[in-house]
Amino acid sequence: MGLFILCFLTTGGALDYLYFDAFTPSGPTLPAATLFSLGAASMITLAAYHGGGSLILGSLGAERPDTQIPEHRELRNIVTEMALASGAAMPQVYVIYDPAPNALATGTNDKNSAICVTTGLLALLDREETQGVVAHEMSHIRNEDILLMTMVSILLGGIAILADLGRRGFYSPRAGQRLGRKTPLLLLPLSLLIGLAPLIGRILSMAVSRQREYLADATAAQYTRNPVGLARALEKIRDAAIPFRGATRGTAHLFFTSPLRRRLENSDSRLAHLLTTHPPINRRIELLYRMAGIMRPPVQNTRNASTRSA
């Protein structure tokens, strides 16, 4: 979390130097943009802590389950079972009406947490597989991942706003005069910092997310004592290959599997490890089968394979 706040402050400092002549003999005493960034980071962190989960659920169109629908009742039962298995408080349950099979957990602790699944996931998976997915999300709650990832989502939005303000400054009428007085050796790296701040923030969030996904898979297998159920769920979701329309790059790391469905997500290359929010899905499947004592290589996505061959 400190890295994200540091990204906030360095972006603010760059804005101060480039546009307000701060940190120079003729500049203002107080670095306004840096102080604004510090205040914004503090306010966003507090907002994320106290209401970030609700903001995210609202942005995704999540709704309370309809108890008249059998699949929704079964979902509540499964969440109750996994709450008991994990020793956590019962989270709130939400449903997103979307055909993409996916799920997420959000909140700040196990007292105000929420688990949300899509109707596409309920339609695609059987009970054991759904239980594995819910156990995975419950493990994010018990491992306190939800606080970190919820706050990261909100902070990424703030970093993007600051960087956008900085980029807009380049096109203001007085931009040429201000920037022309700057030291060239500092002008280029600071300009790059403003332009790349959102990307740096996303890369940091991706690195955090990938490591927590492996841990959540392992913990879910402990809760259900059935790693094969979770592995089968991942296989079905992989083969369905339906992107979630409501996801953004700022919220992708919250989901059970990557909602963006880019080809890079299934790659095991170094570039994929740097630029994806989730570990390769085939690798996750393989590790879960190994937990069950089944040395079975994951079957490749036949839909993607046929598309590539065509």
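If you filter the range 141-161 down to residues that are surrounded by 24 or more Cβ atoms within 10 Å (Cβ to Cβ) and over 12 Å from the mean Cα position of the chain (by Cα), you find that the one that is modelled with the lowest pLDDT is ILE159. If you check THR45, THR67 for being at pLDDT below 95, out of contact with any Phe, Trp or Tyr (no Cβ under 6 Å at 6 or more places or on another chain) and not in a loop (DSSP other than H, G, I, E, B), only one passes: THR45. Got at least one residue in the range 109-122 being within 17 Å of ARG76 (Cβ to Cβ), touching a residue at least 12 places away in the same chain (Cβ under 8 Å), basic (Lys, Arg) and surrounded by fewer than 19 Cβ atoms within 10 Å (Cβ to Cβ)? No, that holds for no residue. So, PRO298, is that one in contact with a Lys or Arg (Cβ under 9 Å, 6 or more places away or on another chain) and modelled with pLDDT of 75 or more or not? Considered against the rule, which asks whether it is in contact with a Lys or Arg (Cβ under 9 Å, 6 or more places away or on another chain) and modelled with pLDDT of 75 or more, PRO298 comes out as no.
Look at the range 228-242: where a residue is in a loop (DSSP other than H, G, I, E, B) and a partner is of a type in the set (D, E, K, R) and modelled with pLDDT under 95, sitting 6+ places away or on another chain with Cβ atoms under 7 Å, you get ALA241/ARG261; ALA241/ARG303. If you take the residues in the range 269-287 that are in contact with a Lys or Arg (Cβ under 9 Å, 6 or more places away or on another chain) and aliphatic (A, V, I, L, M), which one is modelled with the lowest pLDDT? Among them, the one singled out is LEU275. Being modelled with pLDDT under 85 and either surrounded by 14 or more Cβ atoms within 10 Å (Cβ to Cβ) or over 30 Å from GLU81 (Cα atoms) (or both): is that true of VAL208 here? Here the answer is yes, as VAL208 does meet what is asked. Of all residues in the range 246-268, one or more are modelled with pLDDT under 85, more than 23 Å from ALA123 (Cβ to Cβ) and hydrophobic (A, V, I, L, M, F, W, C). Restrict the check to the range 230-237 and report whether at least one residue is at pLDDT below 90 and among the basic types (Lys, Arg). No: zero hits.
When we screen ALA85, ALA89 for residues that are in contact with an Asp or Glu (Cβ under 7 Å, 6 or more places away or on another chain), farther than 18 Å from ILE237 by Cα and surrounded by fewer than 20 Cβ atoms within 10 Å (Cβ to Cβ), the only hit is ALA89. Under the condition of being in a loop (DSSP other than H, G, I, E, B) and within 17 Å of the chain's Cα centre (by Cα), the residues counted in the range 70-118 number 7. State yes or no: is THR80 under 24 Å from THR119 (Cβ atoms), at pLDDT 95 or above and exposed (fewer than 15 other Cβ atoms within 10 Å of the Cβ)? The answer is yes for THR80.
The values are calculated or read from the model by the stated rules, or taken from the named source; none is laboratory data. Bear in mind the structure is a predicted one, so any value in this text is a computation, not a measurement. Glycine gets a Cβ as well: all are built from the backbone with ideal geometry, and neighbour counts include every protein chain shown.
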